[in-house]
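Read the structure below first, then the notes.
The values are calculated or read from the model by the stated rules, or taken from the named source; none is laboratory data. Here the structure is a predicted model, which is why all the values come from computation and not from measurement. A quick note on method: Cβ atoms are made from the backbone with ideal geometry, for glycine too, and the neighbour counts reach across all protein chains shown. SASA here: full protein model, heavy atoms, side chains in, ligands and nucleic acids out. Shrake-Rupley method; radii C 1.70, N 1.55, O 1.52, S 1.80 Å.
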Amino acid sequence: MAQGFDPVAATAAYLATLTPEQHAKATAYTQGGHWVLLWGTLVAILISWIVIKTGVLVRVRGGVEARKPRPWLAVLAVVVVDSIIEGVLSIPWNTYSDWWREKGYGLTSQAFAGWLTEHVMHMAIGLVASLVIFSLLYFLVRRFPKTWWLWAGIGTGVISLVFFIVGIFLIEPMFNSYKPAPPGPVRDEVVAMAKQVGVPSDKILIYNGSKQSNRYTANAGGLFGFGRVAMSDVMFKKDADLAEVRGVVGHEMGHYVRKHVLIGVVETGLLTLVGLFLVDRLFPAAARLLGAKGVAGLADPAGLPVISIVLAVLGLLATPINNTYSRWVESDADHFSVVHFNEPDGLAKALVKTIEYRADSPSALEEFIFYDHPSVRRRVRAMMDWKAAHPKSEPVPAAGAPPASPPPGA
């Protein structure tokens, strides 16, 4: 351990760079988000119940199959109608949770018209994805009525991997402008880091993340040699220096090198398999409880809102499981960053800038249930413990060091 260096005091010093008012605001936003999670689930259940009670999907399915069974067409028609109705009914809640609340806490500068336009675009993309997913799901239910949930769980992993790749290369560029980082210290540093750990170094990008969010972030996405490092312009608007760039980008490279996407595919597939098994068992009782008149059974696409409600409840109950996995992944990426690039102070400085949307010191129970990242205090302390055990020979840039030269327009 470095003589005279106290990790506890260093952690406290980093957290003290924010005022008590800033910490209180972050806590209010974070804890309010726990209620948003609950209320969002209840709103989704209410909307699906409304669709069930109208009987509109039963009529749509009946109209398509009035003369002869046409299961594929019935599924497509039901998914389109259900997606449009539920999407429109959910707009007031999404406006509050995703825009108005973010605006109120200073986490977005996007105008409502811009947000709504992008939200409708997301709804359209979601509709296309739903058509693919539910067409396959109902095919499996019809073809393998006893074991459909097993095959669907296995297929979920493959589909989620495809959607991940499509999202990076096709969907994300629809919402943001990704441009090559211009020559300079930032690009040179990130290219050198990528070559050091085997991350593709030909796509080092800056994107206009501030268009939607004022959150400090970056990502390194891709698989099997295809990928890119993308840094939000918010990093540079919040004065990221080279130490921060190394710490943050090193963390994101850790996700790529450690193949967290593939591990996530397995985790998602397993949870989906369990969830669909429970849907198979719970659907009859849920349909009766919800008053789903005219729904002939699980294979009837008119019962789609029943499935949605069961999955919404199961998803809420699975929140601690998903978050526990996510915290492990994020801790692993932090460890990768500090092992390979030894920038504990750089990552610590960056983490402090995320406190505005993730309170730094939750209780153990709150962190277990609600936090998809370890608490900032815990992460900064891990960096300071590493610094104590692995002192650098060269000086680390101070918290007030000049920022890295931002790319033009960042």
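The table below gives the values:
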| quantity | calculated |
| --- | --- |
| Centre separation in Å (Cα based) which lies between the range 204-270 and the range 44-110 | 32 Å |
| Hz values of 3J(HN,Hα) by residue in the range 117-123 - Karplus curve (6.51, -1.76, 1.60), Gly and Pro given as x | 4, 5, 5, 5, 4, 4, 4 |
| Dipole magnitude of the chain, debye to nearest 20 (Cβ charges: Lys/Arg +1, Asp/Glu -1, about Cα centre) | 1400 debye |
| Lysines with Cα under 23 Å of LYS53, excluding same-chain neighbours fewer than 8 positions away | LYS293 |
| Histogram of C-alpha separations across the range 62-178, 5 Å bin width, % | 2, 9, 14, 15, 18, 16, 11, 8, 5, 2, 0, 0 |
| For ALA359, distant residues with modelled amide H under 5 Å away | THR30 |
| Partner lysines for LYS179 [C-alpha distance under 27 Å; skip if fewer than 8 residues away on the same chain] | LYS103, LYS195, LYS203, LYS211, LYS237, LYS238, LYS259, LYS349, LYS353 |
| From phi via Karplus (6.51, -1.76, 1.60), per-residue ³J(HN,Hα) for the range 208-219 in Hz, x at Gly/Pro | 7, x, 5, 4, 9, 9, 9, 7, 6, 7, 7, 7 |
| At R0 = 35 Å, FRET efficiency that the Cβ-Cβ distance of VAL274 and ALA389 yields, to 0.05 | 0.30 |
| Solvent-accessible area per residue for the chain (1.4 angstrom probe, square angstrom) | 48 Å² |
| Cα centroid of the range 12-38 to Cα centroid of the range 142-165, whole Å | 39 Å |
| For ILE206, residues with placed amide H under 5 Å, excluding near neighbours | LYS179, ALA181, MET231 |
| Mean Cβ neighbour count within 10 Å, used as a protection proxy, ranking 136-143, 159-166 highest first | 136-143, 159-166 |
| DSSP-defined antiparallel bridges as percent of all bridges, the chain, nearest 5 | 70 percent |
| Most fluctuating residue given options LEU131, LEU347, LEU170, as computed from a GNM of the chain linking Cα atoms under 10 Å | LEU170 |
| Portion, in percent, of the accessible area of the chain that falls on carbon or sulfur, probe 1.4 Å | 68 percent |
| From phi via Karplus (6.51, -1.76, 1.60), per-residue ³J(HN,Hα) for the range 304-321 in Hz, x at Gly/Pro | 4, x, 5, 4, 4, 5, 4, 5, 5, 5, 5, x, 5, 5, 7, 3, x, 5 |
| Other-chain or far-sequence residues with amide H under 5 Å of ASN342's (modelled H) | none |
| Relative contact order [Cα under 8 Å, 6+ residues apart], the chain, whole percent | 26 percent |
| Volume per residue that the Cα convex hull of the chain spans, once the total is divided by residue count, Å³ | 145 Å³ |
